[in-house]
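A.B. asks: Sending over a structure as structure tokens; questions will come in a sec.
The values are calculated or read from the model by the stated rules, or taken from the named source; none is laboratory data. Note that the structure is a prediction, hence the values are computed from the model and not measured. Neighbour counts are summed over all protein chains in view; Cβ atoms, including those assigned to glycine, are modelled from backbone coordinates with ideal geometry. With ligands, DNA and RNA removed, areas are computed over all heavy atoms of the protein, side chains included. Shrake-Rupley method; radii C 1.70, N 1.55, O 1.52, S 1.80 Å.
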Amino acid sequence: MKVIFLGPPGAGKGTLAGLVSKEYGIPQISTGDIFRDAIKRETALGKRVKEIVGRGDLVPDDLTVSLVRERLGQPDAAKGYILDGFPRTIPQAAALEEFQAMDAVINFSISDEVVIGRLSGREVCKSCGAIYHVKNMPSKVKGVCDNCGGTLYTRPDDTLESITNRLDVYKKQTEPLIEFYRKKKLLQDIDSSKSPGDTLVQVRKVLSRPK
Ligand code: ADP
């Protein structure tokens with residue numbers, strides 16, 4: 001099963017991709033996680049993308065596409081995967097088509113107000129990447145991950161300025177993908193303003209339908 005999770009920042013793509021990855025035994029491939037990991041480890045890639053990611057702008061298409069192409073060639077992706085945060089532009093989607101055919105594209109729809117509320121309280125585990133929210137989904141012990149005991153932190157791009165820019169970038173560059181995939185009859189819309197559990201029920205329904 002090869003599936004794309006599409007939607008604005010804060011729509012819950014990462015949270016749901018984590019849940020689906022566990023349930024279906026396929027990897028979650030998140031370009032945002034790949035970039036954040038490179039930034040943390042201060043690799044050449046990390047140095048190149050640090051400011052772009054911090055501002056909430058997009059990393060250049062050629063760089064992003066070659067990273068994803070490489071990642072999809074790894075053995076664990078042979079059975080299927082969830083693409084979380086890729087493609088994010090029409091050229092990225094066109095490039096992806098050249099080397100992989102998708103089974104479904106799930107469009108997580110949600111209002112700007114809910115997105116801003118979610119992102120401004122988001123916390124992420126430094127070790128395992130689990131996602132929390134100070135109000136809506138707090139960890140049991142403040143600042144500590146329920147899964148692995150790791151330390152929780154606030155992403156540097158979860159400032160109001162960067163969130164506003166990410167939403168803007170999403171509308172200009174990523175939203176056109178909705179029509180792109182709808183025309184190809186791959187798109188399935190789900191309402192992701194509900195809890196992760198409720199959203200998961202909708203995602204399961206989509207994934208159990210034959211193509
Ligand atoms: P969110 O969906 O919450 O904005 P992500 O973790 O998906 O966060 O992405 C974080 C940042 O990583 C983006 O704002 C962008 O700078 C970069 N990024 C992630 N995926 C892509 C992509 N497909 N193309 C270009 N830049 C990307």
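A.B. asks: Residue pairs, Cβ under 6 Å, 6 or more apart or interchain, first in the stretch 4-23 and polar (S, T, N, Q), second in a helix (DSSP H, G or I). List them.
C.D. replies: From the stretch 4-23, the pairs are Thr15/Pro196.
A.B. asks: Would you mind stating whether Leu45 is under 17 Å from the mean Cα position of the chain (by Cα) and either surrounded by fewer than 18 Cβ atoms within 10 Å (Cβ to Cβ) or part of a helix (DSSP H, G or I) (or both)? Lay out the reasoning, then the answer.
C.D. replies: Values: under 17 Å from the mean Cα position of the chain (by Cα): no; either surrounded by fewer than 18 Cβ atoms within 10 Å (Cβ to Cβ) or part of a helix (DSSP H, G or I) (or both): yes.
It is false that Leu45 is under 17 Å from the mean Cα position of the chain (by Cα) and either surrounded by fewer than 18 Cβ atoms within 10 Å (Cβ to Cβ) or part of a helix (DSSP H, G or I) (or both).
A.B. asks: Another question, then. Only residues in the stretch 145-172 that are closer than 11 Å to Val124 by Cα count as the first member; pair them with residues that are open to solvent by less than 30 Å² (accessible area, probe 1.4 Å) and aromatic (Phe, Trp, Tyr), Cβ under 7 angstrom, at least 6 apart or cross-chain, and list the lot.
C.D. replies: What qualifies is Leu152/Tyr132.
A.B. asks: Sticking with this structure for a sec: Using beta carbons and a limit of 8 Å, which pairs, at least six apart or on different chains, have the first residue in the stretch 29-48 and within 14 Å of Asp157 (Cα to Cα) and the second one of a type in the set (A, V, I, L, M, F, W, C) and within 12 Å of the ligand (Cβ to nearest atom)?
C.D. replies: Gly32/Val53; Phe35/Leu45; Phe35/Val49; Phe35/Val53; Phe35/Val59; Arg36/Val53; Ile39/Val49; Ile39/Val53
A.B. asks: Return yes when Ala38 is more than 14 Å from the chain's Cα centre (by Cα) and either in a strand (DSSP E or B) or closer than 22 Å to Gln173 by Cα (or both) and no when it is not.
C.D. replies: Numbers: more than 14 Å from the chain's Cα centre (by Cα): yes; either in a strand (DSSP E or B) or closer than 22 Å to Gln173 by Cα (or both): no.
Spelling it out, it is not the case that Ala38 is more than 14 Å from the chain's Cα centre (by Cα) and either in a strand (DSSP E or B) or closer than 22 Å to Gln173 by Cα (or both).
A.B. asks: Let me ask something else. So Val20 ticks every box in (1) away from the ligand (no atom under 12 Å from the Cβ); (2) in contact with a Ser or Thr (Cβ under 8 Å, 6 or more places away or on another chain) but one. Which box is left unticked?
C.D. replies: Val20 satisfies every listed condition except (2).
A.B. asks: Would you confirm, using the coordinates I've provided, whether Asn165 is at pLDDT 90 or above and either touching a Ser or Thr at 6+ places or on another chain (Cβ under 7 Å) or outside any strand (DSSP E or B) (or both)? So that I can check it myself, show each step before the final result.
C.D. replies: On the way: at pLDDT 90 or above: yes; either touching a Ser or Thr at 6+ places or on another chain (Cβ under 7 Å) or outside any strand (DSSP E or B) (or both): yes.
Here the answer is yes, as Asn165 does meet what is asked.
A.B. asks: Would a scan of the stretch 30-38 turn up a residue that is farther than 24 Å from Gly18 by Cβ and either in contact with a strand residue (DSSP E or B) (Cβ under 6 Å, 6 or more places away or on another chain) or open to solvent by 80 Å² or more (accessible area, probe 1.4 Å) (or both)? Before you say what the answer is, go through the steps one by one.
C.D. replies: Initially, the stretch 30-38 is screened for residues farther than 24 Å from Gly18 by Cβ, giving none.
No - not one qualifying residue is present in the stretch 30-38.
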